[in-house]
Structures are given as structure tokens and as C-alpha cells.
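Worksheet for the structure shown next.
The values are calculated or read from the model by the stated rules, or taken from the named source; none is laboratory data. Computed from a predicted model, the values in this text were never measured in an experiment. When we count neighbours, we look across all protein chains shown, and the Cβ atoms used for this are built from the backbone with ideal geometry, even at glycine.
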Amino acid sequence: MRNFFLALLGLITVAGCGDAWNDPYPVAAGGANILYTAFTDRPKHLDPAQSYAEDEITFTAQIYEPALQYHYLKRPYTLIPATVEQVPVPRYFDAAGRLLAADAPADRIAESVYELRLKPGIRFQPHPAFAVDAQGHPRYLGPGIADGRSRISDFPEVGTRTLRADDYIYQIKRLAHPKLHSPIFGTMADKIVGLKELGATLQKAAKDLPADAWLDLDAYPLSGVEKIDELTWRIRIKGKYPQFAYWLAMQFFAPVPREVDRFYAQPGMAAKNLTLDWWPVGTGPFMLSENDPNRRMVLSRNPNFHGQTYPCEGEAGDRDAGLLDDCGKSLPFIDHAVFTREKEAIPYWNKFLQGYYDASGISSDSFDQAVRINVGGEVALTDDMREKGIRLLTSVKASTFYMGFNMLDPVVGGLEARATKLRQAISIAIDQEEFISIFQNGRGIAAQGPLPPGIFGYEGGEAGINPTVYDWVDGKPRRRSVDEAKKLMADAGYPNGRDTKTGEPLVVNLDTTGGGMGEKSRLDWLTRQFAKIDVQLVVRATDFNRFQDKVRKGNVQLFYFGWNADYPDPENFFFLLDGNEAKVGKGGENAANYASPQFDRLFARMKNMDNTPERLEIIRAMSRVLHHDAPWVFGLHPKSYTLGHRWLKNRKPNDVGNNILKYQRIDAVDRENARKSWNRPVLWPLAIGFAVILLAVLPALFGYRRRERRAGLS
């Protein structure tokens, strides 16, 4: 009985001992300069030659430094130097090697040459691959190095060195490594002189080596990349390709030192996840100090990072938003960033509301709790959010979601009038505005074409509408009526949804996966959209791999796809409809297999042009072709809604530049005070419960004591 009371007393003591009774972080971390956030999907690749996913670049963009980066505040997105002294301006040469003027016609340009020069004094993060002994030899290179070691911290000695041009050249060669299967090798092999040939050479060399042998890329020259001196290198590109500058801001072109590649290639290392894919090495502001992708990942300040400061200019409104308050201050501001894996939306959301995460997205389940839509469609925070000092950041993402028609299909495909009118009718019938309202909580804008806002060539207002689907009425677009769509159906030979040739009802098939448009409510809605024009929709759901195989072989009719910008250029969206990029037969990204000679000619002229009025006119002509041919049902450009606590500073939506962590700052004192205020334990229910238990056990206690006394007397 005595132990029972001690247990109750201990429970009350634990519940009342301080304000951080439910804090998920160590007590010692209170008030520390740490940013806390979450991730939902575990990253698969952290090697810059392989990584190509959003959940991976969250980490890699903070660790690696490509030569270029995007200005954090300016819009439209603007390239600026990262590790190099200036953004390179290509020089153009003809087939005879003669230098051409900067405005030379693209068809005369045989090669473009990009010369880059590093800022001196940049150093890699501390790492055991750079550790050397007294004689200057690598400390951790030799037989049995992996024995008894399972973590990078098991190598106690570390070193560093300065960044060199060789490191960038080595990484470009890694794109051709046959064992890495870089997702951009095919694209770059068509652009960088000699890269395709290097790939063939390395493929042959790898076959002649033992499976676990290291392939020393320095032994294999790359004709299109030349080292000028320790800080300078040149890259030769086939023809004119101005978008190559954007690639120089991507992690694929970040430096990888030969020493690091050699260190990780030793026998036994890969079996213990001692690889570049698990423990990246860079010159960026942060380094990965903890990697448990199923639970927690931690980025820590790179002690060797220096020389970069917070920007002092941006766009209109940035100063009033406080985004220029840290002008000229050294980066980064935070010491650590702790990423905790959250598989469920509700725990993620609740921890944000408690102040344990510094920022959060808004799931559909939490939307009404966070945001309200005012009269006129204005989005505002709820009172509860504003009282906590939470801020709402919105932006239209550089992304496009669409329903594609397989243009090889005998019913919905082809450029003949019958199929074209059918596609136009379906485009009108599917009410994108209703979809955005119901399923996106208003988080998106209806797409008028492939280009999202912020990309050169995108036009708002009447000039930018898709006239096949919309009229311009009272200063805004209005979707054409179902009656107009039905007339198009009749003109196509499907009055009332029946084929005039066969009398059979028109049935079309949507191929999908369970994780995409497979949710029953969305598919029911979509089925009703087709039914408005008397078309029967059949959903053919399958697993992801089978779906991809069907798309590759052209065994689909309708499908849903989306595209996030690799870089902010119209070429990166319009190429999805280039006939030379057809999925069937050419293995490209044109999953609709759309092939219009008129569009392809315009695209070939536009793709390598600078952003000029002439380029804009060509884009307008391309859009008119797409509006008429309707190879896609242009869906939506999603809106990003992000919440940030008041103590999180310098947060601005950025959908292209990903190295954003170094700009953000935490007011740790304000956060700690808020956490204590918001998470005080509520003890009165426990006190009532204790009183109830006490009243229940007191009679038994008194009876027990009486029996003890009687036993003692006897």
C-alpha cells in the first residue's frame, strides 16, 4: 500500500516538474540555435550524380555547392555566382573553330564554350578522406580500413583542403560512370562534347575490372572539359544551349573530390553504408552529421564555410516583410537543422502548433484550422493562427499538372478534326476550377498552357487564356459551357456520346495508379465530368511499375502527369510536347507522343534563344497551336501554402533555388518562451483523479490498519 502512494506521488511530481514535460527534444537543446523541421519520405540518394528527387535535394542543396546559385530574393529567378567569380558568358564558335559574335544565328554555332573561375580559398568540410599522416599520405586508405567501423564518426581524424577546378571536372566525369546510372547522363551526353564517348569507354573499362574495384576517372580524359589552372576550367557544349547555365546551378554539377571517391570505394565500405550516397561531402554551409533516414537527420554548420553574406536587395515588398533586415551578415545563421521523420500528417501538425517545428505545410485535414477564404477569394489566416504569431507564405509553384492524351491512340489521338474536337470537348468539360476548390482547398490556379507563372513566356489576363476552353468575360476567364462541349462532340461524330458510325457509346480509359488519381472521391468526380458530355470513363488502375511500362509502350489512352521545373526556362516545359521527345520509339519525356510539325518547327527556333521579344512571339504561336490541338487537358499550377512561426526569420518561398537553409534565422529565446507558454501541463484533471482514487482506497487503508493492530494485540 505504501508503494502505491509513492507511485501516485511520483506521477504527480513528473507531471509538474517544469514546463517542458512534453518536449520531444533534450533539455540541453532548449534555447539552442537549432532549426526544427520534419520530412515525410526518406531520401534514397545523396550522391550528386544520382540524386534527382525533392525529398533528397532538401539535404543535398545545403551540403554541395554547384558553381552557380539563384538569388534568394529576386523574382524572376536570377542566376548569381556561388563558388565562381562570375556567371559565365558563353563564347560561340563555328565548325571551323572561328569565334562568332554573341548574337550569331544558332544554326552557325557549332560549339559554345563556358569558362568558369573559382573564388580562391573555398574549403571542403572536415572529413576523414582528407586526413593524412606525418608523411602526407592518406590516413584511411589501405587494406581492412572498413573493419570495425560502421559510422563516419568511427574515423576520428579528419582533414580538409581547398576547392579546385579538378573537383568539378571529376564530378562531370562521374555522370558517365556506368555504375552510378546518373539520370541526366543521356541529356548531358548530347550536350557536353566527348561525354558520350567517355561513357562508352568507362562502360568497357568497368567490365574489365573486378566488381569491387575502384574506377579512377582521372585516368580517362574528357575532351569537352579542359583544366586551365587550379581554379579555372572550360566546358564545351555542342551548338547553342543557353539553358546550360541553369544546369550549372544544379547538384549534378557540384564538386566531388577524387580523394572522397577513392575513400568510399574501398572494400567493405558500401556494405556499411559508408558511401557518398549516405555521407555526402561538400563545401556548402552545412554537413550531414546524423543520418537515420527512418527517424532523424541532422545538418550541422560546416566550420570551413565562409565568404557568403545575406543579400541586400530583393523585390518589392521584401523590405516591409523584414526580408532585408540581415543585409550583409555572414551566412549561415543557424548551427544545426534537425529533421524528424513524420509519417502521419496529424502528429506533424500538432507538433507545429506546439512550437516544436518551426514551419509546416498545411494538409487538407488541417486546412480549415489554419486558413479561411474571405469574400472575394482572399486567403487569410484564422484568428488562432494570427494570435500565435504564425505567418502564411504563399506562392504559385513552378509546376504543371495535366491529363495527357496518347496521341497514338486511334480514338483520342491524331491531329484529324474528329479526334481534335473530341479532345477539345473533354478539355472544356473537366472543370479545373471546381477540382481546385474541392480537392486542393483552392490551392492552385487553372492552367492555360504548359507554362506556370514566373517562367518567361507566361502571360496572365486576356492575352494568356486558352480560347479553346475559356471566354474572357468581365475582366476574367470564364469556362465555356457544357453545351459548347456537346456541340464539339456532335461535330466529332459523337452526338449524345454515341459513335455515328457504329452506334456504340463512346468509352475512354484512364490509366492510373493507386497512389495518384486513385482516390475514389476524385475518380467519382472525374467520371461525372465525362458524363456531362455523355462519355463513359473507365478507370484502369495498376501498380506504378506496370503503369510506367504502359506509358513507355503507348498502351494508354488517358493518364495524369505533372512536371516540376528543373530550371526556370520555357524550354523546360515545352520540350514535354516536342515530337523528338516522344516516349514511344524515342524514350523521351513527351508521354503524350504529340507530334505536330508546326509546333516542332517553332520549338526548334525557340528553345535556344535568349529571352527577347522575338522569343515571346514564338512562344505565343506555340501556345496557339497547343490550344487548338489539345494534346493535354491543361490542369493546374499548384499553390504552395507554408506556415512559419514568428521566430523563424527570412523565410521566402523559392521553388527553383533549393539552398535556402543558410538564409534562415531563428530567434531561439522567443521560441523557448512560446513553447513554455503553450505547453504548460494542465494538472487539475490529474488532481481530481488522485482525489477520486484516494477516496476509493481510504476505507480499504483504514481497514487494513485496523487488522494490523488487532494482529499485534493478539
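Quick notes on this structure:
Let's see how each residue does on (1) touching a Leu at 6+ places or on another chain (Cβ under 8 Å); (2) outside any loop (DSSP other than H, G, I, E, B):
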position	(1), (2)
GLY307	no, no
GLU313	yes, no
ARG319	no, no
LEU323	yes, no
GLY328	no, no
VAL338	yes, yes
PRO347	no, yes
ASN350	no, yes
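- Cβ separations smaller than 9 Å between residues 6+ apart or across chains give the following pairs from the range 317-346 residues that are in contact (Cβ under 8 Å) with a residue 12 or more places away in the chain and at positive phi to residues that are of a type outside the set (Lys, Arg) and not in a strand (DSSP E or B): GLY322/ASN650; GLY328/TYR310; GLY328/PRO311; GLY328/CYS312.
- Of all residue pairs spaced 6 or more apart or on separate chains, those with beta-carbon atoms under 7 Å, a first member in the range 460-477 that is part of a loop (DSSP other than H, G, I, E, B) and a second member that is aromatic (Phe, Trp, Tyr) are ILE465/TRP472; ASN466/PHE634.
- Options ASP569, ASP534, ASP543: the member that is in contact (Cβ under 8 Å) with a residue 24 or more places away in the chain and either polar (S, T, N, Q) or on the phi > 0 side of the Ramachandran plot (or both): ASP534
- The range 314-345, subset under 22 Å from the mean Cα position of the chain (by Cα) and surrounded by fewer than 17 Cβ atoms within 10 Å (Cβ to Cβ), residue modelled with the highest pLDDT: ARG341
- The range 195-252, residues that are charged (D, E, K, R), within 19 Å of ALA67 (Cα to Cα) and surrounded by 13 or more Cβ atoms within 10 Å (Cβ to Cβ): GLU226, LYS227, GLU230, ARG234, ARG236
- Of the residues in the range 504-521, at least one is farther than 18 Å from PHE405 by Cβ, at pLDDT 95 or above and not in a loop (DSSP other than H, G, I, E, B).
- The residue pairs whose first member lies in the range 643-657 and is more than 10 Å from ASP358 (Cα to Cα), whose second member is in a loop (DSSP other than H, G, I, E, B) and basic (Lys, Arg), and whose beta carbons are closer than 9 Å, counting only pairs six or more residues apart or on different chains, are PRO653/LYS397; ASP655/LYS397.
- In the range 358-380, the residues that are assigned to a strand (DSSP E or B) and free of Cβ contacts under 8 Å to residues at least 60 places away in the same chain: ARG372, ALA380
Yes/no matrix, rows are residues, columns are (1) assigned to a helix (DSSP H, G or I); (2) over 21 Å from THR420 (Cβ atoms); (3) of a type in the set (A, V, I, L, M, F, W, C); (4) modelled with pLDDT under 95:
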| position | (1), (2), (3), (4) |
| --- | --- |
| ASN555 | no, yes, no, no |
| PHE573 | yes, yes, yes, no |
| LEU576 | yes, no, yes, no |
| GLY585 | yes, yes, no, yes |
| TYR594 | no, no, no, no |
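- Matching residues in the range 59-113 - criterion: being touching a residue at least 40 places away in the same chain (Cβ under 8 Å), outside any loop (DSSP other than H, G, I, E, B) and not polar (S, T, N, Q): PHE59, ALA61, ILE63, LEU68, TYR70, LEU79, TYR92, ALA106, GLU111, VAL113
- Selection within the range 383-415 - on the phi < 0 side of the Ramachandran plot, surrounded by 14 or more Cβ atoms within 10 Å (Cβ to Cβ) and part of a loop (DSSP other than H, G, I, E, B): LYS388, ILE390, LYS397, ALA398, ASN406, MET407, LEU408, ASP409, VAL411, VAL412, GLY413, LEU415
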